[in-house]
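Single-structure report; data block below.
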Amino acid sequence: MSITRRVPIVADDQELASVLRGALEVVGRFNVRISNRGRGTVEPARTVKPDVIVLDVAMPDMDGTAVAESINDDERLADIPTIFLTGLVTARGSRPQGLDIPGKEVPAKPPSMGTLVQSIEEVLA
């Protein structure tokens, strides 16, 4: 029996987030929630601690790096891995300048489902 992992996707592109949620839920190991606001990420994470958070880097209200820093600064949440999605890279692992949060995956946006699932499984291993 596989474990179902809690994975919020925080992205201002709701169409992309919905496609990613649908694809991850088809895999069957992920319970996915979508949010389009970076500011609304930390408090719900305290209530229902996710296994991994997928964050869009560029969002209008609070970018993904600021959300990740808030999560890392909270000792109750600091162990939650974060995977960034960004259109600012062209290859997996190629980080845009200024994205210096160590240990975080950076799949190019839109990621293939295989790439996203592999990134999630790698940070959860």
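Things worth noting here:
- Other-chain or far-sequence residues with amide H under 5 Å of Ala108's (modelled H): Arg92, Gly93
- Annotation: amide H of Leu55 within the under-5 Å range of Val10, Ile83, Phe84, Leu85, sequence separation 5 or more or interchain, hydrogens built in the peptide plane.
- Projected over every direction and averaged, the convex hull enclosing the alpha-carbon atoms of the range 7-63 yields 3.6 nm².
- Net charge of neighbours whose Cβ lies under 14 Å from the Cβ of Asp12, counting Lys and Arg as +1 and Asp and Glu as -1: -2
Values quoted throughout were computed directly from the atomic coordinates according to the rules given, and no laboratory measurement underlies them. Source: prediction; values computed, not measured. All Cβ positions, even for glycine, are placed from backbone atoms using ideal geometry, and neighbour counts span all protein chains on display.
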